[in-house]
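First up is the structure itself, then whatever we jot down about it.
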Amino acid sequence: MKKTKFGLLVFILFIQFILKLNAQQPVHGFLPMGSTDIRGAYGNKIDICIENRIKLQDISELITPFTQRTECQYWQTEFWGKWMASAVAAYRYKPDETLKQKINQAVKQLLATQTADGYIGNYCDTCHLRGWDVWGRKYTMLGLLLWYQVTADAALLNSASRLADHLLTETGPGKCDLVKTGNFRGMPSSTILEPMIMLYKATKNEAYLRFCNYIIDQWEKCPDGPKLISKALSNVPVSGRFSVTEKEWWTWANGQKAYEMMNCYKGLLDLYQINPKPEYLEAVLKTANDIINTEINIAGSGASYECWYHGKDQQTRPATNTMETCVTTTWMKLCNSLLQVTGNSKYADQIEKTFYNALLASMKFDGSIIAKYSPLEGFRQAGEGQCGMHINCCNANGPRGFALIPDFAYMQSENTVFVKYYGKSSSKTELAGKNKVSIQQQTDYPETDKIVLIVNPEKETDFAVALRIPEWSQQNSLRINGQEITEIQTGTYKTIQRKWKKGDRIEMTLDLRGRLVKQDEYRAIVRGPVVLARDTRFGDGFIDETSIVQNENGFVELVPAANKPENVWLAFTAPLVLGSDLESDFKNPRQIHFCDFASAGNTWDLNTRYRVWLRETLNVMKSDYKGY
């Protein structure tokens, strides 16, 4: 009997060893804490988000729901976890004693609410597992574990473990099915997969890994589960996973909820790195590609009423409650994880587009508010408070997108530095052979097309610098110390392997010509990664008027504007022929003002309107006019 038990133990240890050998390591890893500094106009946007949104949050209001425990329906407890996630990321970016004290105070107040059985939440005892209860616990665990990764404070790990252990007494094999809890086919509850994996990595407690595998089984084996793997592998679009009526939209039956679905796939990608089953990665890749191809609009976001709706093909038509900032931020997070796991630069292109447009457009000019929705036309406004509080989901979650950029900007493998973000910035890291390397970017990109990178290794040695060449940039130039580099391919990295020495200079030029984007009878202008929009502040006509945008082979001549309204970063004029009821002069079009989408309407005044998509005036002489 003893030999049998010993043999079983040896077998279990052997299996664990094999799993560790097979664990999928990230292709691109993050730099150490405090290694990156983003400066310039966009670095300033990150800074004001930290200073005026994250640091000024009233923590006591976030704690109150945990002390009351009277809820049976709403999601008050997510706000603490979302704020913690953004605050920890901001601290990792720029370690700051004031922010550290605020985070510690938030943790101290939260831990004081943990009950003897381990529960932390706002739901009364008779309502556990209903509504957004498990979702709230997810964000609580996430906040605790993210701060644990920074501080290694055992109290945080112990509290997160007790919270997880309590959940395992309520749901799991032989208990309440997880996907039957909460809303939207159990996807919000299933997102607890992400912190459970973090907890397993920190504790090596196999019970947590078994629960992660149980969640995946629930998706597929439970008759009414969300089928997140099988439907993805069968190429079912995210907008067509389950058919629901208007009455079912906000119920358990709806399986198209964008934000929570992407959170589940983020967790699946994390699990893949522990247990690299090919179908896990394939499901995430297929889903992400479907989102890119069918949902993400010109500004890098999507969804309406918080759900996928095949929105890319319908983006010229205004949709109600579109481009929720929670969707925007979560899309960036999913792409960042895919970037780590695959190294594919297309996910970096997606992050760049989303950051410069949808995310930046969501933040008020002073950084104090993050909008819930940022449509492609209309005006900017703050979202209402939720759950009887002075905060909403996007105000809490949006800063996570801003704080993600420093981790995204530069990544590394053993002997390669990957440059993914272009803008005034610097980074420092240590490569193979204990060689410390710093890189400084000197540029006003995307205002100008020239980028200079100064590479400074501590000692002259051989390593690689991989430069992202955006998919949209068709004309590029690259020189090192004045010597031209050729064979530059768009939509990938240009990897330069050489012996680098202090002061080596990389000079890049990217293609910032104005591109005319056509969809149906509408036109939009994009310059580099930046979407342009008309804005009533320029006072140069009726912005909803039809027009013909003069272009040469799809490129629009943009001229920097002489004057810009307050809080506008980029402004240009473009040649347009306006209206349909005048004798148009195609030889002398009017120079009409455009600004970057993020600046458009950024007075947060209802009298300031903007629009991206311009309806094209019909010209029946053109050969593509088909008649009726």
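Here is how the numbers come out for the structure above:
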read-out: Of all residues in the range 246-268 being out of contact with any strand residue (DSSP E or B) (no Cβ under 8 Å at 6 or more places or on another chain) and in a loop (DSSP other than H, G, I, E, B), the one that is surrounded by the most Cβ atoms within 10 Å (Cβ to Cβ); value: 255
read-out: Test for residue 371: is it free of Cβ contacts under 8 Å to residues at least 60 places away in the same chain and among the hydrophobic types (A, V, I, L, M, F, W, C); value: yes
read-out: Entirely in the range 48-148, the helices (runs of 4 or more DSSP H) that have 3 or more residues that are surrounded by fewer than 19 Cβ atoms within 10 Å (Cβ to Cβ); value: 59-68, 97-111
read-out: Checklist (1) modelled with pLDDT of 95 or more; (2) under 30 Å from residue 339 (Cβ atoms); (3) in a helix (DSSP H, G or I) applied to residue 37, failing item; value: (3)
read-out: Candidate set: the range 516-561, residues that are basic (Lys, Arg) and within 19 Å of residue 578 (Cα to Cα); chosen: the one surrounded by the fewest Cβ atoms within 10 Å (Cβ to Cβ); value: 518
read-out: Test result for residue 292, under 30 Å from residue 523 (Cβ atoms), part of a helix (DSSP H, G or I) and not acidic (Asp, Glu); value: yes
read-out: When residues of the range 317-364 are limited to those that are on the phi > 0 side of the Ramachandran plot and not polar (S, T, N, Q), the one surrounded by the fewest Cβ atoms within 10 Å (Cβ to Cβ); value: 343
read-out: Yes/no for residue 569 being assigned to a loop (DSSP other than H, G, I, E, B), at positive phi and assigned by TED's automatic domain parsing to the domain that holds residue 532; value: no
read-out: Residue within the range 153-161 that is more than 29 Å from residue 109 (Cα to Cα) and either out of contact with any Leu (no Cβ under 6 Å at 6 or more places or on another chain) or surrounded by fewer than 23 Cβ atoms within 10 Å (Cβ to Cβ) (or both) present; value: no
read-out: Residues located in the range 295-325, provided they are of a type in the set (S, T, N, Q) and either touching a Gly at 6+ places or on another chain (Cβ under 7 Å) or part of a loop (DSSP other than H, G, I, E, B) (or both); value: 297, 301, 304, 315, 316, 320, 321, 325
read-out: Every residue from the range 582-601 that is part of a loop (DSSP other than H, G, I, E, B) and modelled with pLDDT of 95 or more; value: 597, 598, 599, 600, 601
read-out: Residue, modelled with the lowest pLDDT, within the range 77-123, restricted to residues that are of a type in the set (Asp, Glu) and over 22 Å from residue 391 (Cα atoms); value: 96
read-out: Residue check for residue 201: closer than 23 Å to residue 344 by Cβ and either of a type in the set (Lys, Arg) or in contact with a Gly (Cβ under 8 Å, 6 or more places away or on another chain) (or both); value: no
read-out: Number of positions in the range 397-418 that are more than 18 Å from the chain's Cα centre (by Cα) and either within 23 Å of residue 511 (Cβ to Cβ) or surrounded by fewer than 21 Cβ atoms within 10 Å (Cβ to Cβ) (or both); value: 5
read-out: Filter result for residue 461 (over 19 Å from residue 424 (Cα atoms) and either surrounded by 15 or more Cβ atoms within 10 Å (Cβ to Cβ) or of a type in the set (Ser, Thr, Tyr) (or both)); value: yes
read-out: The range 161-177: number of residues that are within 30 Å of the chain's Cα centre (by Cα) and either modelled with pLDDT under 95 or aromatic (Phe, Trp, Tyr) (or both); value: 0
read-out: Residue within the range 466-473 that is surrounded by fewer than 17 Cβ atoms within 10 Å (Cβ to Cβ) and closer than 22 Å to residue 426 by Cβ present; value: no
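This table checks each residue for (1) at negative phi; (2) outside any loop (DSSP other than H, G, I, E, B); (3) in contact (Cβ under 8 Å) with a residue 12 or more places away in the chain.
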{"site": "173", "(1), (2), (3)": "yes, no, yes"}
{"site": "197", "(1), (2), (3)": "yes, yes, yes"}
{"site": "214", "(1), (2), (3)": "yes, yes, yes"}
{"site": "217", "(1), (2), (3)": "yes, yes, no"}
{"site": "220", "(1), (2), (3)": "yes, yes, no"}
{"site": "225", "(1), (2), (3)": "yes, no, yes"}
{"site": "244", "(1), (2), (3)": "yes, no, yes"}
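Residue by residue, here is whether (1) touching a helix residue (DSSP H, G or I) at 6+ places or on another chain (Cβ under 9 Å); (2) modelled with pLDDT under 95; (3) under 30 Å from residue 385 (Cα atoms); (4) hydroxyl-bearing (Ser, Thr, Tyr) holds:
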position: 3; (1), (2), (3), (4): no, yes, no, no
position: 19; (1), (2), (3), (4): yes, yes, no, no
position: 23; (1), (2), (3), (4): yes, yes, no, no
position: 28; (1), (2), (3), (4): yes, yes, no, no
position: 56; (1), (2), (3), (4): no, no, yes, no
position: 59; (1), (2), (3), (4): yes, no, yes, no
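The values are calculated or read from the model by the stated rules, or taken from the named source; none is laboratory data. As the structure is a computational prediction, the values presented were derived from the model and not from experiment. Reconstructed Cβ throughout: ideal geometry from the backbone, glycine too, with neighbour counts over all protein chains shown.
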